[in-house]
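Here the structure comes first, spelled out in structure tokens, and everything after it is commentary.
Readers should treat all values here as calculations from the given coordinates under stated rules, not as data from a laboratory. Predicted model, so just to flag it, every value in this text is computed and none were measured. A quick note on method: Cβ atoms are made from the backbone with ideal geometry, for glycine too, and the neighbour counts reach across all protein chains shown.
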Amino acid sequence: VRINFTTIIQETGYINGYIAVLHDITEQQLTENERREFVANVSHELRTPLTSMRSYIEALEEGACKDSNIAPNFLSVTRNETDRMIRLVNDLLQLSNMDRKDEVLNREIIDFNLFISQIIERFEMSYKEVDFVKDLANDSIFVEIDPDKMTQVFDNIISNAIKYSQKEQKRVEFHVKQNVFFNRMTISIKDNGLGIPKGKVDKIFDRFYRVDKARTRQMGGTGLGLAISKDIVEAHDGKIWATSCEGHGTTIYVTLPCELLEAGEWDAN
Ligand code: ADP
């Protein structure tokens, strides 16, 4: 909303009053601005790896390819940049499918405790140095979700929790709670990492937003992971949000509707 103020002044100089006109910037205009910004971001994100690849390829052409000390290194940089561009384009395609609601959810009724335990186990195998703390619900919680898409959400949240941390002893805590009254469940994933500056926390779900652009690019991030996660969670009628304390850590919350099933109603297959 844009606000214009006009002061009504009498000939004598007395102020009679003020007129405030509220301009409603239509949704269409906002979407148009968002679209422009998005295209600009995509172009920038693609240009960066392409420019860097071109310099490496030029150097190789100019003779670096004959130097067995530096050629493999230059090739591996170009390879990494190519991989990142492929990730970026795949993420963009997924976002665009979600936007057009083309991406269908293949929902299954799943015991959430079992589902999240399997994901955590996978991370425990790959990150032996991280301390994973599980405070899962005692009873089964049934959710009707697309397991592949929700796995993508939690993979992204957990890898961020590990990635954005410089602590010697990295810790990721999982708390799962069911609110039977509202037929919803909440999972929180808490890390003891870098945290996010105040006022920036909600932005992390925006497309291409990164707290530290250069650093995350180096780590191979596309800046789209949480935007995709948000789309997926919302397509499941869920919500995702974060709280954070800079220097201490971040907590990501996901709530999902859950099913109240009677014993025997669930087929374990
Ligand atoms: P990417 O990790 O590819 O940059 P994401 O969409 O997954 O993209 O995350 C966006 C940004 O949010 C990250 O670049 C990072 O700055 C911030 N962020 C996400 N998760 C965390 C976390 N657990 N701790 C600190 N910062 C985070």
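Set the bar at 28 Å for Cα to Cα. Now go through Lys101/Lys190; Lys101/Lys167; Lys101/Lys128; Lys200/Lys230 and name every pair that lies beyond it. From Lys101/Lys190; Lys101/Lys167; Lys101/Lys128; Lys200/Lys230, over 28 Å: Lys101/Lys190; Lys101/Lys167; Lys101/Lys128.
Over 25 Å between C-alpha atoms is what I'm after, so list which of Lys134/Lys213; Lys149/Lys177; Lys66/Lys163 land there. With Cα atoms farther than 25 Å apart: Lys134/Lys213; Lys66/Lys163.
Averaging sequence separations of C-alpha pairs under 8 Å and six or more residues apart, then dividing by the length of segment 1-89, give the relative contact order as a whole percent.
19
With only Cα atoms counted, the chain has Rg and Dmax values of 24.3, 87 Å.
Among the trypsin sites (Lys or Arg not before Pro) within segment 113-148, which fall in a DSSP loop and have no more than 13 other Cβ atoms within 10 Å of their own Cβ? Sites meeting the loop and neighbour criteria: Lys128. From the alpha carbon centroid of segment 64-127 to that of segment 13-43 is 37 Å. Label separation (Arg215 vs Glu168): 2.0 nm, computed from points 7 Å beyond Cα along the C-beta direction.
Where does the charge balance sit around Gly249 when Lys and Arg score +1, Asp and Glu -1, over other residues with C-beta under 15 Å from its C-beta?
+2
Couplings 3J(HN,Hα) of segment 94-103, computed from phi: 5, 4, 5, 5, 5, 4, 7, 6, 7, 6 Hz, in residue order, whole Hz [Karplus 6.51 cos²θ - 1.76 cosθ + 1.60, θ = phi - 60°; x for Gly and Pro]. Scalar couplings 3J(HN,Hα) for segment 36-53, obtained by applying the Karplus form with A = 6.51, B = -1.76, C = 1.60 to θ = phi - 60°, are 4, 5, 5, 4, 4, 5, 4, 4, 5, 4, 7, 5, 4, x, 5, 5, 5, 5 Hz; x denotes Gly and Pro. Summing charges over neighbours of Ser96, with a neighbour being any other residue whose Cβ is under 14 Å away from its Cβ, gives -2 when K and R count +1 and D and E count -1. Where in the chain lies the longest segment free of GluC sites (Glu not before Pro) that are both loop residues by DSSP (not H, G, I, E, B) and have at most 10 other Cβ atoms within 10 Å? Longest stretch, sites excluded: 169-261. Amide H contacts of Leu194: Ser165, Gln166, each under 5 Å away and 5 or more positions distant or on a separate chain (H built 1.01 Å from N in the peptide plane; Pro and chain starts excluded). With each label modelled as a point 7 angstrom along the Cα→C-beta vector, the Gln29-Arg79 pair spans 5.1 nm. Coupling constants for segment 54-60 follow from the phi torsions by the Karplus curve (6.51 cos²θ - 1.76 cosθ + 1.60, θ = phi - 60°), and in residue order they are 4, 5, 5, 5, 4, 4, 5 Hz; glycine and proline get x. Taking amide H positions as modeled 1.01 Å from N, with prolines and chain starts lacking one, the residues under 5 Å from Lys170 and 5 or more places away or on another chain are Asp131. If you plug the beta carbon distance of Glu144 and Val89 into 1/(1 + (r/R0)^6) with R0 = 35 Å, you get a FRET efficiency near 0.70.
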